[in-house]
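Data block below; observations after.
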Amino acid sequence: MDATASVQDYLGAIYDLAGSGKPVIGARLAKYMKISAPAVTEAMYLLGFSWQAQDALWEMIDSGALTLFSLDSGDVPRMRELMRKYRDLPMDAAHAALVRIGEREGIRWIFTIDRRDFLVYRPARLGRFSVVP
């Protein structure tokens, strides 16, 4: 995904909030905020315009505001199947991981800047994702 001006503005706003000393997300919401390692990689790439923004993401993970979901070899066949199914979008590994985790954990709510893609994906037994924002 290209880091368009609107994506950079959005990520920059998150960075600005993180650097302000104010909580980026409320404590009640923080316990639900989880991310996969492939999504961290993609986010760090998109935040490449600013080391401070990347560091703010690390801080969110280090402080527990974001929790890392684990993937294992049992998730690989389904992620591969998803990438094959959605190859026309195309689906990347970060998206396949999030869809797989959603299926595995029964999570329908997705916070993403890739709204268009996640409105297309249909996780097994969940129907469609509820996409935020």
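Throughout, read-outs are computed from the coordinates displayed, never taken from laboratory work. Because the structure is predicted, anything quoted here is derived from the model rather than measured. Because the Cβ atoms are built from the backbone with ideal geometry, glycine has one as well, and the counts that use them run over all protein chains shown.
Could you list which residues have their amide H under 5 Å from that of I35, counting only those 5 or more apart in sequence or on another chain, with H placed in the peptide plane?
The answer is T67, L68, F69.
Counting Lys and Arg as +1 and Asp and Glu as -1, what is the net charge of the other residues whose Cβ lies under 15 Å from the Cβ of I110?
After counting each charged neighbour, the total is +2.
Give me, ordered by chain and number, the residues 5 or more places off F111 or on other chains with an amide H under 5 Å from its own placed amide H.
V132
Pulled fully out, how much extra length does the chain show between T41 and S130, if you take 0.36 nm times their separation in residues and subtract their Cα-Cα distance?
29.7 nm
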